[in-house]
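Computed from the coordinates by the stated procedures, all read-outs in this text should not be read as laboratory data. As the structure is a prediction and not an experimental result, all values here were calculated from the model. All Cβ positions, even for glycine, are placed from backbone atoms using ideal geometry, and neighbour counts span all protein chains on display.
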Amino acid sequence: MTTQAPEPPAAEEVEAKEIPNIKLYIVAVITGIIGYYILLANPNLAFISVILAWPAIVAGAGGVEHLCRYGLGTGTSSIGYWGTAVGATVVFATIFMSSQIFNLYSPFIVIIAGTIIGYVVGLCAERIIKMKIPEQAQQSFIITGSSAIFILIVLEVLSSGGVATTKLYYTFPVIYIGTALVILHPYNGSLGAGENQSRTLRLACCEASLITTLFGIIGVLLPNTTSFIPALGMLIISLIGFAVFVKIWWKKVKEDTYEIVWTGYPAGVPH
Amino acid sequence: MEPVTLTLMIGVGLAGAIAFIAGIIEDAESDAGSASNPNSQVQLAPQIGHIIRYYDKAIAGEPPQNGLWAASACTIALLLSWRFADMGIGQYYAIFFAAVVGAAIVCLVQGCFGVFAHLSRIASFSPFKQPLYWDALLTPLPYSMGLAFLTALLLTLLAFVTSGLLGNPFAPPLLALLFGISLGSIASGTGDIQYGAERLYQHHIFGSGIPISKMGDIDLKGEYGFRNSVDTPYFCMRLGGTITAFAFGLIIFLDGWTRLFTFAGEWTSVILEAIVVAILFIFLVWLEKFTRDSYGPYPGQEDL
């Protein structure tokens, strides 16, 4: 009598261990709103708000991961571009809409507008174009909403709690493209058969802190003196966060990599 | 000659020259990291059993990453040049030194993204028994970072020349973002053919394209030993780099050149550029027909 080998865990079991993106998004919305009000109360506490803005990038990267696992190869960049464009446009538009740059209602307006636009576009892709991706509308609004939260907080730090100057407008291109890249890259960089949510989201943390470091440098250089201390706080906390997250991510990479060697030749190929 | 026309002519020449050099460097930078289109081939190689020693710098496709390098370098440069100007340094010196600082910061960011992408991709290749070779990452990494520094520096200077000497109404960071995205797209569309379809497939018949059956069957051997990503850019600079440079430089040059005329007021550039596009279109259609009539389909693929 032959004994059967133990079956490998089914795909559903592995999937079940993953955190649903909607939970990540809810966490990002809550931390984002708290971060916004901390900043509105005292701009010099920006270093706390920046920590509270990172979950938004994690949620957005989770959304990109979910959508692109269904075979959107080169579409990874496009979906990141699109999602961040919606988020960035919503935030930039709210600046021009009211005379007071950021007010008590800003985060709600931004989150609701970003979420609705993302949901409608996702629904169009689901119903009209008939893309066969489960939960497409939900994941689409996760990307747009998260990028809106992140850009709102970054812009508030750079404007030191809402004191906008025309010089701030020069930073819009880099804020848009930087956020787009860190939302789409964690999945794009980890693409492959051995990709898993845990490692992708750790990479998202690393990249979120990397890009806030860059925004911190830009904020320190802004000629507007009131934004110096918030931006310096953002820069320092981002560097610390970057070191911590890279350590956590590298631990996971070491676990997942087949073999780590200094040098060597591929086996089986004559040389 | 009027001083305004002279300034414009200097601006057009300078912008064209910077764009040409930026095109060559940018294509080399993408080849040093197997970025953009060839990346899919490098990505597929371990799946068909080819253990690779390429630097797998998958940073979100070429246009967005170049947009980020150019936009952030230019934003830092612009803000820093104001600080330098406050300290009493002359405007042109301030811009040049600030551009160097901006590009240096960007090259560190590029290095971080490259390391993240390579290590994550290799970890994701684990089902195919692909080991992580540190030397395969650390040899091309500084090279790629250096080329990213030059690309960011040149695109920043191009943005300043366009907004200053040529009088473009947009702010330099926005121009840099647009230049970065267009240069990335051009390098991805024209330059990468030389790398992805030729260099990676040197052991197949020249010019035979990449049918599905060959996907991922990339060349693993270099001129000596196993091929590493530093072996690629010098090969691709001969054709891929120059074609990218030609395409991007010509766009910038022809766009600037139309500003020298004023016969129809504000519509002059629109009319002239429409004529240039029409001439190019007619020439390219003729060239395509001439090539197909002269050489026909590839041998063995007549029925396709």
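Observations on the structure shown:
- Partner shielding of B:110-116 amounts to 4, given as the average count of beta-carbon atoms from other chains within 10 Å of each residue beta-carbon.
- Chain A: proportion of alpha-carbon pairs further apart than 36 angstrom, %: 20 percent
- Simple spin-label estimate for B:Trp286 and A:Trp262 gives 6.2 nm between the two label positions (7 Å along the Cα-to-Cβ direction from each Cα).
- Bridging of A:Lys247 to lysines at a Cα separation below 28 Å is possible for A:Lys17, A:Lys23, B:Lys57, B:Lys129, once same-chain residues fewer than 8 apart are set aside.
- In this label model, A:Leu123 and A:Ile34 are separated by 3.2 nm, measuring between points 7 Å along each Cα→Cβ vector.
- Spatially, segment B:174-205 and segment A:58-81 are offset by 23 Å when compared through their Cα centroids.
- When the Gaussian network model of chain B links Cα atoms closer than 10 Å, the mean-square fluctuations of B:Leu287, B:Leu14, B:Leu239 top out at B:Leu287.
- Rg ratio (alpha-carbon, reference 2.2 N^0.38 Å) - the protein assembly as shown: 1.00
- CD proxy at 222 nm, helix term only [per DSSP H run n ≥ 4: -39500 (n - 2.57); per residue of chain A; nearest 500]: -24500 deg cm²/dmol
- For chain B, the longest principal axis of the Cα atoms and the long axis of helix B:140-164 meet at an angle of about 20 degrees.
- Each peptide in B:172-184, B:197-209, A:222-234, A:166-178 was scored by the mean count of other Cβ atoms within 10 Å over its residues; highest first, the order is B:172-184, A:166-178, A:222-234, B:197-209.
- Each of A:Tyr169 and B:Asp86 was given a label point 7 Å from its Cα along the Cα-to-Cβ line. The distance between the two points is 2.1 nm.
- Comparing B:Met237, B:Met215, B:Met87 in a Gaussian network model of chain B, where Cα atoms under 10 Å apart are tied by springs, the biggest mean-square fluctuation is seen for B:Met87.
- With Cα atoms, 0 to 90° folded angle of helix B:91-124 axis to chain B main axis: 20 degrees
- Full-extension gain in nm, A:Arg69 to A:Ile248, via 0.36 nm per residue minus C-alpha separation: 62.1 nm
- Relative contact order (percent, whole number), chain A, Cα cutoff 8 Å, 6+ residue spacing: 24 percent
- Counting only residues at least eight positions apart within a chain, or on another chain, the aspartates and glutamates with an alpha carbon under 18 Å from that of A:Lys254 are A:Glu195, B:Asp56, B:Asp135.
- Relative contact order of chain B, defined on C-alpha pairs under 8 angstrom at six or more residues apart (%): 32 percent
- Fraction of alpha-carbon pairs over 37 Å apart in chain B - percent: 24 percent
- For chain B, modelled as a GNM whose springs connect Cα atoms under 10 angstrom apart, the maximal fluctuation among B:Asp31, B:Asp86, B:Asp219 occurs at B:Asp86.
- Debye log10 I(q)/I(0) at q = 0.30 Å⁻¹ for segment B:185-235, Cα point scatterers: -1.24
- Tilt relative to chain A, helix A:75-97 - C-alpha long axis, 0 to 90 degrees, to 10: 20 degrees
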